[in-house]
Amino acid sequence: MYILSINNLSSRYVAFAAILSLCLTGCSSVFNKHVEWETVAPETYPVIFAVGYAPISVQNGASESSRMLMALKASKLDAYRELTEQVFGQKVDSGQSLASLVIQNTSLDSSVQGVIRGAKVVKSYPVGDDMYATELELDFKLVNDIYLSTARPKRVKKVHYY
């Protein structure tokens, strides 16, 4: 008789655990659902500018016109470097070494890395006798349009549960 009541008690615990687990899984997300997405556009778009410079006389070239063309290209690349710094930032590495508590060597390295799409050359012009300058403009509205054409950023618009 004593053994029968223990078996009866353990079967009650098993039944209670089964009912409790069914109730808890009933609260989980086992329902089918349909999620609607919508794209998100920023409220404002900044426009940034950069200016690049390059000397004409130190460029490699056989004639003055070829050196001027090389300076034009170099100033454009310098302006792109400046735009990249503004968009992605600049990585700076530095180091010092000591010997007998005297600084022996100090180094400072910087680098910029990134991809600039949608920049527009505003103006290229000589500055003085030996310098060339190029001005670039980057409109983030155009950058956003280029980004949206390749990757569609989305947010949840509405969820339907069935």
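Filter region 56-109 down to the residues that are of a type in the set (S, T, N, Q), outside any helix (DSSP H, G or I) and in contact (Cβ under 8 Å) with a residue 12 or more places away in the chain and list them by number.
Going through region 56-109, the residues of a type in the set (S, T, N, Q) turn out to be 57, 59-60, 63, 65-66, 75, 84, 86, 90, 94, 96-97, 100, 104-107.
So of that shortlist, the ones also outside any helix (DSSP H, G or I) come out as 57, 59-60, 63, 90, 94, 96-97, 100, 104-107.
Hits for region 56-109 are 57, 59, 90, 94, 106, 107.
Among the residues of region 143-156, are any surrounded by 10 or more Cβ atoms within 10 Å (Cβ to Cβ), over 17 Å from the mean Cα position of the chain (by Cα) and either in contact (Cβ under 8 Å) with a residue 12 or more places away in the chain or in a strand (DSSP E or B) (or both)? First the steps, then the outcome.
Our first condition is that a residue be surrounded by 10 or more Cβ atoms within 10 Å (Cβ to Cβ); within region 143-156, this holds for 143-148, 153-154.
Those left that are additionally over 17 Å from the mean Cα position of the chain (by Cα): none.
No - not one qualifying residue is present in region 143-156.
Given the residues 101, 108, 69, 22, which is the only one that is in the same structural domain as residue 136 (by TED's automatic domain parsing), at pLDDT below 85 and either at positive phi or not small (Gly, Ala, Ser) (or both)? Can you show your working first?
Working: 108 fails: at pLDDT below 85; 69 fails: at pLDDT below 85; 22 fails: in the same structural domain as residue 136 (by TED's automatic domain parsing).
The unique qualifying residue is 101.
Taking region 111-146, which residues are of a type in the set (Gly, Ala, Ser), in contact with a Ser or Thr (Cβ under 9 Å, 6 or more places away or on another chain) and either modelled with pLDDT under 90 or over 17 Å from residue 51 (Cα atoms) (or both)? Give the derivation first.
Looking only at region 111-146, we keep the residues that are of a type in the set (Gly, Ala, Ser), and these are 111, 114, 118-119, 124, 128, 133.
Add one more test, that the residue is in contact with a Ser or Thr (Cβ under 9 Å, 6 or more places away or on another chain), and what stays is 114, 124, 133.
Listed by number, the list holds a single entry, 114.
The values are calculated or read from the model by the stated rules, or taken from the named source; none is laboratory data. What you see is a predicted model, and the numbers here were worked out from it, not measured in a lab. Every residue, glycine as well, gets a Cβ built from its backbone with ideal geometry; the counts of neighbours run over all protein chains shown.
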